[in-house]
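For reference, the structure is listed below as structure tokens.
FYI, it's all coordinate maths here, none of it is from the lab. Because the structure is a prediction, the values reported are computed rather than measured. A quick note on method: Cβ atoms are made from the backbone with ideal geometry, for glycine too, and the neighbour counts reach across all protein chains shown.
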Amino acid sequence: GQEIVDQLNNIFNDDFNLTLEEKELIEKSRKSNLFNVVAQRIKNLDSINQDSIKLMFKDTQKELSLKGKDFFMPIRIALTHQEHGIELYNIIDILGKDECYKRLIAYDNY
């Protein structure tokens, strides 16, 4: 209960600090164009559901040759300002396409 409330509060808090490791991961992700590609693909989804997100992630991973932590962690940080937390599908659903797009593009320009 309270853990979920805390995680959601962090997601909507614009006052956050990235660790050095997170900053390095963000920079690496910017170079691979991860944020821009995922932002555009989320924006272009007809509907947000678990299947559409999983398929979009799978296609994007293949296209950018990124796997695991190198793919999911930067997206999670961009969307939630945290390395761990609620499933990304749920985050995307909670934030909506426009907010996800805005946050990912902001990290692309970080």
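Among residues other than MET73 with Cβ under 12 Å from its Cβ, the summed charge is -1 (Lys and Arg +1, Asp and Glu -1). Specify which residue in the list GLN50, LEU95, SER65 is farthest towards the positive end of the charge dipole of the chain, using unit charges on the beta carbon of Lys, Arg (+1) and Asp, Glu (-1), about the Cα centre. Farthest towards the positive pole: SER65.
The 3J(HN,Hα) values that the Karplus relation (6.51, -1.76, 1.60; θ = phi - 60°) gives for the range 71-83 are, in residue order, 9, 6, 4, x, 5, 4, 4, 5, 7, 10, 6, 9, 7 Hz. Gly and Pro appear as x. Restricting the calculation to Cα atoms, every distinct pair contributes to the Kirkwood radius of the chain, found to be 14.0 Å. Local charge for ILE92 was computed over the other residues whose Cβ lies under 13 Å away, with Lys and Arg +1 and Asp and Glu -1, and equals +2.
Within the range 32-72, whose backbone N sits under 13 Å from a point 7 Å along Cα→Cβ of GLU21? Under 13 Å, as judged by backbone N against the label point of GLU21, lie 69-70 of the range 32-72. Highest mobility in the GNM of the chain, judged by mean-square fluctuation with C-alpha springs under 10 Å and restricted to GLY68, GLY85, GLY96, is found for GLY68. Report the local net charge at ASP59: Lys and Arg +1, Asp and Glu -1, summed over other residues whose C-beta lies under 13 Å from its C-beta. Counting the neighbours of ASP59, the net charge comes to +2.
Could you work out the relative contact order of the range 2-108, using alpha carbon pairs under 8 angstrom and six or more residues apart, expressed as a whole percent? Please report the intermediate quantities before stating the final value.
Working: 83 pairs, mean separation 45.3, N = 107.
Here the relative contact order equals 42 percent.
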